[in-house]
Amino acid sequence: MPLAYYSAAAQQEFWTEHWGAHAVAEMLASARGSPLTALVTEALPAAGPVLEAGCGLGQYVLLLRERGWPVVGVDWSVEALGKCRRFAQAPLAAMELRSLGLRDAAVSAYVSLGVVEHDPAGPDAILSEARRVLSPRGTLVVSVPYFNGARRVAAPYIRWRSRAIELHGGRFYQYAFSRGELVAALARHGFLTRSLHPYDPARLLRWALPAGARRRMATGPSSPGGERDGGWLKAAARRLLYVPPVLRLLGHMLLAVAVKR
């Protein structure tokens, strides 16, 4: 059973506040330098339409279109889509991911990053719709929070805290999945998993820092060469963190690349 998290904020209020706290330019710059981007682009087919389901502020729609993919983004948040449209022209639409306004087999690839885990009923309805709109042998790229080694150790506390939040009126927020749980969920909907990639191992380490230090890491001043101060240190830390044992222990998210059977 995936590990459930609860939030003190209502679902819609949470996402309105979340997207309101970020700028499209900031998210796009982050995506351009993220190890996740290489994982996504390496998985995509060379041609054919791509759908990003749950695109948020649209940074990956913009980035992938810059790199030549014909990408369309959909999200239920009109506020987030509006911020992206004000920043750049891109094909975006407000849609419910469990009932997409697309014909069968309409896209060659379906990308969804940190979205399917937020359905309280589980990921099945969204994955079923993903299968419907994907062409035969189409590529699915989906990521979810990873039930990693650190979360396994902390699971009793996480469950206790979630129950306490729920008892005080909190709402379901997300599930975290083990590798086996994610592969099984994809298989239920006719997807064959080709590869699994944990990523973002620094997230837990950032949470351990004081709030001011976290902000400085995210928004520190740039050097004349365009790199943030301490960029060499970040690069060295990334090399140390992006090794399999550390990713299994601390990887915040888990990316699956699968094919429609």
Task: Length-normalised contact order for the chain - Cα pairs under 8 Å, 6+ apart - percent - done: 24
Task: Residue of ALA106, ALA90, ALA154 that the Gaussian network model of the chain assigns the largest fluctuation, springs spanning Cα pairs under 10 Å - done: ALA154
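Mind putting a number on the dipole of the chain about its Cα centre? Charges go on the C-beta only, +1 for Lys and Arg and -1 for Asp and Glu, and I need it in Debye to the nearest 20.
With only Lys, Arg, Asp and Glu charged at Cβ, the dipole is about 640 debye.
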TODO: Report, please, the projected area of the chain averaged over directions, based on the convex hull of its C-alpha atoms, in nm².
DONE: 14.2
- [ ] With springs connecting C-alpha atoms under 10 Å apart, model the chain as a Gaussian network and identify which of TRP69, TRP160, TRP15 has the largest mean-square fluctuation.
- [x] TRP160
Open item on the list: Suppose every Lys and Arg Cβ carries +1 and every Asp and Glu Cβ carries -1, with no other charges. What dipole size does the range 1-150 come out with about its Cα centre, to the nearest 20 debye?
Closed with: 500
TODO: Taking the dipole about the Cα centre of the chain, with the C-beta of Lys and Arg at +1 and of Asp and Glu at -1, give me whichever of PRO49, ALA187, VAL78 is farthest to the positive side.
DONE: ALA187
Task: Separation of alpha-carbon centers, the range 36-63 and the range 74-103, rounded to whole Å - done: 14
Task: Top of LEU62, LEU205, LEU247 by mean-square fluctuation, Gaussian network on the chain, Cα under 10 Å - done: LEU205
Task: Cα centre as origin, Lys/Arg/Asp/Glu Cβ charges: the range 89-211 dipole, Debye - done: 320
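Computed from the coordinates by the stated procedures, all read-outs in this text should not be read as laboratory data. Just so it is clear, the structure is predicted and the values come from calculations on it, not from any experiment. Positions of Cβ are generated from backbone atoms using ideal geometry, with glycine treated the same way; all protein chains shown enter the neighbour counts.
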